[in-house]
Amino acid sequence: MKLQEFTKGILRKNPVLGLVLGLCPTLAITTRVENALGMSLAFTFVIVLSNLLISLLKRFIPRDVRIPTFIVIIASFVTIVEMLIHGYSPSLYEQLGIFLPLITVNCIVLGRAEAFASKRPVSETLLDTLGMSVGFSLSILVISFLRELFGTGKIVVFGHQVIPGILSSPAVGMILPPGAFLVMGILLALMKKARVV
Amino acid sequence: MVGKEEVKPVAVLVITCLVWGALLGLTHSATEKRIEEAERAELYRTLSQIFPSAQFTEENGHYVCSENGVVVGYAVEVEERGYGGRMRVLVGMNPDGTVAGVRILSHGETPGLGAKVAEEDFLGQFRGKGLEGMALKKDGGEIEGVTGATISSRAVVRAVRSGLENLRGWAG
């Protein structure tokens with residue numbers, strides 16, 4: 001077991017702030033910390049299981065058609081999971097339902113399938129995808145925390161006020177799309193400056 | 001001559017698609033009923049927020065709400081276009097034709113801004129109102145819109161109007 005396969009995803013090859021992948025869902029859902037929590041859970045579930053599946057099947061997938069095959073496997077798997085959750089756990093679906101279809105097109109999942117799972121053993125794939133999940137979750141939690149705090153003046157998670165209103169006139173732009181680009185840009189610059197990536 | 005090397009990728013892709021397509025079909029038919037039931041249960045839960053101790057019966061898209069056999073109101077689901085796409089609004093009406101309550105079933109409005117139309121501060125204003133004055137204050141009515149979210153607020157007002165008109169016509 002190589003522990004670095006796990007740790008690299010957290011900082012050095014952080015999917016959002018290091019590899020700069022999966023920006024579409026990142027920009028779209030980081031308006032609230034609550035959304036980021038839901039997305040983190042759904043993302044971890046999908047990337048770990050679908051990449052394990054691809055790592056198991058890699059011997060049978062011809063090189064020429066590997067990308068379409070990965071996409072068929074990932075998209076079908078996510079859709080099946082979505083239908084099962086919707087039918088058997090409506091309350092969980094209420095929290096995670098809208099994030100699952102977004103993950104189907106999340107390029108981090110396909111990116112890890114192509115760059116890692118299709119070439120490496122199952123145990124390393126597990127470490128790699130878990131590390132990527134931690135890295136992705138940390139990134140979107142930090143971005144959504146900054147956006148919600150400055151955009152609404154407070155942090156509310158599942159109805160609990162974690163940080164009470166500290167700004168009397170919050171900058172609404174922070175929870176609109178421009179705010180996402182601003183926060184992402186500043187964080188990327190800081191990561192580069194600190195030579196983390 | 002087509003060699004084995006050319007056929008294999010095509011065959012694998014076709015088989016992958018067939019297998020996953022079949023799995024999708026199986027899951028769909030296994031969960032279809034449960035998903036429908038879950039959505040109905042969700043709708044009834046929302047209905048009981050408007051009419052707390054009522055029983056509901058559905059009659060072609062309208063809901064009759066009754067307590068011990070006495071009709072206490074009617075409800076209908078209305079679709080309207082908001083700022084962020086489709087918005088599903090549940091409108092409840094008292095037997096006298098005024099609004100009993102409004103709930104947003106789903107919407108795609110901006111979080112922290114337009115999404116505030118789904119909160120009680122805004123929706124509570126409709127309770128007890130008829131069609132008179134059913135417009136935003138800036139449009140000459142009596143409803144205070146959500147600041148910075150006029151399009152979302154107008155969409156809800158339109159939905160409540162059309163729901164109320166629909167229910168009045170239907171309940172006679």
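Computed from the coordinates by the stated procedures, all read-outs in this text should not be read as laboratory data. This structure is a prediction, so every number in the text was calculated from the model and none was measured. Here the Cβ positions follow ideal geometry from the backbone for every residue, glycine too, while neighbour counts run over all protein chains shown.
Ranking A:41, A:53, A:103 by Cα position along the charge dipole of the stretch A:21-107, where only Lys, Arg, Asp and Glu carry charges on their C-beta atoms, puts A:53 farthest toward the positive end. Amide H to amide H, with H built 1.01 Å from N, residue B:127 comes under 5 Å of no residue 5 or more places away or on another chain. Straight Cα distances below 23 angstrom link residue B:8 to the lysines A:58, A:119, with same-chain residues fewer than 8 positions distant left out.
Taken residue by residue and averaged, Cβ atoms of other chains lying within 10 Å of the Cβ of B:111-119 number 4. Each peptide in B:98-111, A:123-136 gets a packing score, the mean of other Cβ atoms within 10 Å over its residues, and the list from highest to lowest is A:123-136, B:98-111. From the alpha carbon centroid of the stretch B:22-74 to that of the stretch A:3-53 is 36 Å. Across peptide B:8-17, the mean count of Cβ atoms from other chains lying within 10 Å of each residue's own Cβ comes to 5. Considering only alpha-carbon pairs that sit under 8 angstrom and 6 or more positions apart, the relative contact order computed for chain A is 35 percent.
For the residues of A:82-95, the average number of beta carbons from a partner chain within 10 Å of their own beta carbon is 4. Working ranking of peptides A:163-170, B:9-16, A:99-106 by packing, defined as the average number of other Cβ atoms within 10 Å per residue, highest first, is A:99-106, B:9-16, A:163-170. Spin-label pair residue B:142-residue A:98: with each label point 7 Å from Cα along the Cα-Cβ axis, the two points sit 3.2 nm from one another.
What fraction, in whole percent, of alpha-carbon pairs in chain A exceed 26 Å separation?
Percentage above 26 Å: 37.
Partners of residue B:116 within straight-line reach, counting lysines whose Cα lies under 27 Å from its Cα and excluding those fewer than 8 residues away in the same chain: A:154, B:129, B:137, B:138.
For the stretch B:14-39, the residues whose backbone nitrogen is under 18 Å from a point 7 Å from the Cα of residue B:56, taken along Cα to Cβ, are B:34-39. Taking a point 7 Å out from the Cα of residue B:105 in the direction of its Cβ, the residues of the stretch A:84-98 whose backbone N falls within less than 18 Å of it are A:86-87, A:90-91, A:93-95, A:97-98. For residue B:33, the aspartates and glutamates whose Cα falls under 17 Å of its own Cα, not counting residues fewer than eight places away in the same chain, are A:82, B:42.
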